[in-house]
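Enquirer: Just passing along the structure, written as structure tokens.
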Amino acid sequence: MRVTIAPMDVYVIERFLVGWTAAEMDDLVDRCVRASAEFARRGVQHLTSIVMPGDETCLSVFTGPDTTAVLEANAELGLRVDRIQLGAVRDERAAS
């Protein structure tokens, strides 16, 4: 049996990390995770970040009321944003 979770709108932030070391990339993701309480106070939730060292890119996935709220929360916490796109997540999992 499979369980389908309703699609959820998300905001995907692209961060270009040209010239960054692996340690700097790891630190960026750690900062996103550590800032979860601060994001929540702004009505934003960090779901996950995906680092692609070969592309020198990080994709961070958020939920929030709108693009502006997600951008402002990242800016206020000093997290770089190069581009933001609206996306949707559809999750299908096997029921246990």
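Enquirer: Can you tell me the orientation of helix 22-34 relative to the chain, as the angle in degrees between its alpha-carbon axis and the longest Cα principal axis, to the nearest 10?
Expert: On a 0 to 90 degree scale, this one is about 60.
Enquirer: Moving on. Just need the relative contact order of the chain here, percent rounded to a whole number, with Cα pairs under 8 Å and 6+ apart.
Expert: Averaging sequence separation for qualifying contacts and normalising by length gives 48 percent for the chain.
Enquirer: Angle check, please: helix 67-76 long axis (alpha carbons) against the longest principal axis of the chain (alpha carbons), in degrees 0 to 90, nearest 10.
Expert: 40
Enquirer: Using a simple charge model, +1 on the beta-carbon of Lys and Arg, -1 on the beta-carbon of Asp and Glu, nothing else, what dipole does the stretch 2-94 show about its Cα centre, in debye to the nearest 20?
Expert: 300
Enquirer: Please give the calculated 222 nm ellipticity per residue for the chain, where each DSSP H segment of at least 4 residues contributes -39500 (n - 2.57) and the sum is spread over every residue; nearest 500 deg cm²/dmol?
Expert: Value at 222 nm, helices only, nearest 500: -9000 deg cm²/dmol.
Enquirer: Run the quick spin-label model on T48 and V33: label points 7 Å from Cα toward the beta carbon, then report their separation in nm to one decimal.
Expert: The modelled label-to-label distance comes out at 1.4 nm.
Enquirer: Still on this structure, please answer the following. I need the trypsin sites (Lys or Arg not before Pro) found in the stretch 7-96, filtered to DSSP loop residues with at most 16 other beta carbons within 10 Å of theirs.
Expert: R80
No value in this document is a laboratory result; all are computed from the given coordinates. Being a predicted model, the structure only gives us computed values, none of them experimental. No Cβ is skipped: glycine too gets one built from the backbone with ideal geometry, and neighbour counts run over all protein chains shown.
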